[in-house]
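Since the structure comes first, as structure tokens, the remarks are kept for the end.
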Amino acid sequence: MIIGILAALFACVAYGVSSVMQAYGARKSKQAAAERGEAGFETETGAPTMKSTIAAALTAAFIIGTMLDVVGFAGSAVSARLIPLFLSQTIVSANLIITAILGIFVLGINLHRRDWLAIAVVVIALFALGISADSEGTGHDADWFHWALLLVTLALLALSIGLIQWLGSRAAIAAGLCAGAMFGAVAISVRVMHGITDFDVAQILADPAAYALVISGIGGFYLHTVALQLGSVNGATAALVVGETVVPGLVGIIWLGDNALPGRTWLAVLGFVFAVAGAIAVAWSGAVEASAQAEAGGHDKVADGGKKTTA
């Protein structure tokens, strides 16, 4: 239990630092190009070009951020195997707090009182979850569950793409919610996959959950990027938090045996609700917006994010 919580906290910090490092790399890349008088870093509408995105991705800060994403995923995978999903996913989603606080020092962004209040709510709620959650439930050895997970993941990706096409420029929040659900599917896949404990490659490759993991990971990244590029970054990020916490949390409770300690179910419910609500509130901070825009390649908005949140 302790190892699982520590792994989730490690992933939380890694993801939070990663977002700020990527935002910093994007900002420095844009500033360096401007100082050199280089053109071709934005379109007529101010959107980033492929040249600007590649330049940002090649900065040392952005590369470090990407490496932190990888180690963060490793931590989240370990936590998904060792503690209830409603606890592990909620802790990992609190990486927005790390992003917001670190953004003060790296991106020069000031937070409002409501941001600090939301951060305090999340910290207290996570503590409540931590002392109320029981040890992890089980995996799900039934073949039907693994196949169902793969089919549902494929269907969710297809429906998400169709929904985005239908909504067009209004799809930011919907795409964020769908991306969160896909990232939730990643956690569920990791939880039930066969062959991970002893790293049996043959067993992993024979498990439909392994393919659900790959599809949901790629699909989640794509949908998240689309959501950020469509605008309404705060709303998209807030929707992402809901999708990546509520969906796997419910699946863990209903099918995987995740539960709270006897007599503490009420505390677990309150902790979960307030942690998600607080994370959504933190998602509206300028630091989170700036970092999210950088991940999507929106360099101009990275610079604007600080101005929007100064008090």
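Only one entry of I196, I164, I173, I188 meets the criterion of being modelled with pLDDT under 95 and under 30 Å from A260 (Cα atoms), and that entry is I196. Of the candidates S135, S160, the single residue that is assigned to a helix (DSSP H, G or I) and among the polar types (S, T, N, Q) is S160. Among the residues of region 244-277, those that are in a helix (DSSP H, G or I), surrounded by 24 or more Cβ atoms within 10 Å (Cβ to Cβ) and of a type outside the set (V, I, T) comprise E244, P248, G252, A268, G271, F272, A275. Restricted to region 16-50, and to residues there that are charged (D, E, K, R) and modelled with pLDDT of 65 or more, the residue that is surrounded by the most Cβ atoms within 10 Å (Cβ to Cβ) is R27. If you filter region 209-230 down to residues that are in contact with a helix residue (DSSP H, G or I) (Cβ under 6 Å, 6 or more places away or on another chain) and not aliphatic (A, V, I, L, M), you find that the one that is surrounded by the most Cβ atoms within 10 Å (Cβ to Cβ) is S216. A single member of I119, I124 is crowded, with 21+ Cβ neighbours inside 10 Å and not assigned by TED's automatic domain parsing to the domain that holds I253, and it is I119.
Among the residues of region 81-94, are any in contact with a Ser or Thr (Cβ under 9 Å, 6 or more places away or on another chain), in contact (Cβ under 8 Å) with a residue 24 or more places away in the chain, farther than 25 Å from W266 by Cα and of a type in the set (F, W, Y)? Among the residues of region 81-94, not one is in contact with a Ser or Thr (Cβ under 9 Å, 6 or more places away or on another chain), in contact (Cβ under 8 Å) with a residue 24 or more places away in the chain, farther than 25 Å from W266 by Cα and of a type in the set (F, W, Y), which makes the answer no.
Selection of first residues in region 138-160 that are at pLDDT 95 or above and of second residues that are assigned to a loop (DSSP other than H, G, I, E, B), restricted to Cβ pairs under 7 Å at least 6 apart or on distinct chains, gives the following pairs, ordered by first then second residue: H146/D207.
Checked against (1) part of a helix (DSSP H, G or I); (2) under 19 Å from S79 (Cβ atoms); (3) of a type outside the set (V, I, T), Y222 passes all but condition (2).
The values are calculated or read from the model by the stated rules, or taken from the named source; none is laboratory data. Please read all numbers here as calculations on a predicted model, not as lab measurements. No Cβ is skipped: glycine too gets one built from the backbone with ideal geometry, and neighbour counts run over all protein chains shown.
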